[in-house]
1. Residue pairs, Cβ under 7 Å, 6 or more apart or interchain, first in region 81-104 and under 14 Å from K56 (Cβ atoms) and surrounded by fewer than 21 Cβ atoms within 10 Å (Cβ to Cβ), second polar (S, T, N, Q) and at pLDDT below 85. List them.
2. Just name the residue that is farthest from the chain's Cα centre (by Cα) out of those in region 192-207 that are closer than 19 Å to K171 by Cβ and surrounded by fewer than 17 Cβ atoms within 10 Å (Cβ to Cβ).
3. Taking the residues in region 189-220 that are closer than 18 Å to M158 by Cβ and among the polar types (S, T, N, Q) as candidates, determine which candidate is modelled with the lowest pLDDT.
4. Restricting attention to region 58-79, report how many residues are under 14 Å from A106 (Cα atoms) and in a helix (DSSP H, G or I).
5. Do you know which residues across region 167-191 are assigned to a strand (DSSP E or B) and over 19 Å from the mean Cα position of the chain (by Cα)?
Amino acid sequence: MKPTELLKVAAIAVLTSGIIAGCQQSTTEMTEVAVEEECQGATPEVRNAIYAAKLKNARARNLGAEWEENAKIIEEAEQAAADCQNVRAKILANKAEEAAAAAIAALQSEPVAVETAPEPASTEMADTSPYLGGYLVVSGDNLWTIAGQSTIYGDPYMWPLIYKTNSGQIKDADLIFPGQYFYIPKAKGPERAAAIEHARNRGAWSIGVTEASDLDYLAQ
């Protein structure tokens, strides 16, 4: 083979290897970009599933029915969502929500002794009683709507009075349950004013959490 032909072959080989290397590099870069663009965290559907699991588990916790492993499952779901493993995250979240629901159902299936307010022995005792009466919580109730009933206070902003009187069985003022029996205190002047002030200036709140402002009110 002539020297000129050898030079041509060598040049073609160098050019070809450069193109191949360039293509490989471009493919690698495109793959990395695609992975970066693909992983954007949890989808709205997964975030909603995790939120629903947390909400249900918070209710189970307040009832004293939380399963120990459930919080860990929710944490695993959140980690899977952060790692863009949305399918696994949703499966875990659904599993946690179902477990919390089953725990609540198991607790509520047990017979519950409902307290009844003692009836006054005489009209004189009724007049001196610190309570207007009692109230049995039904599905859909909350302290706001109970206080707003015309047979209670007729003013929803007086709900803190019920909360304070029955704080022994209310862990979160925003979460009460059917079957609970609350004593309804009479609304005295200073106590009424303090309750309304707290209700109007309570601040942000979350289900399943005892707010600091509520603790301050109970301590008064």
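1. Once the first residue is under 14 Å from K56 (Cβ atoms) and surrounded by fewer than 21 Cβ atoms within 10 Å (Cβ to Cβ) and sits in region 81-104, its partners that are polar (S, T, N, Q) and at pLDDT below 85 give A99/N70.
2. It comes out as R202.
3. Per the stated criteria, the residue is Q220.
4. 4
5. The answer is Y181, F182, Y183, I184, P185.
The values are calculated or read from the model by the stated rules, or taken from the named source; none is laboratory data. Because the structure is predicted, anything quoted here is derived from the model rather than measured. No Cβ is skipped: glycine too gets one built from the backbone with ideal geometry, and neighbour counts run over all protein chains shown.
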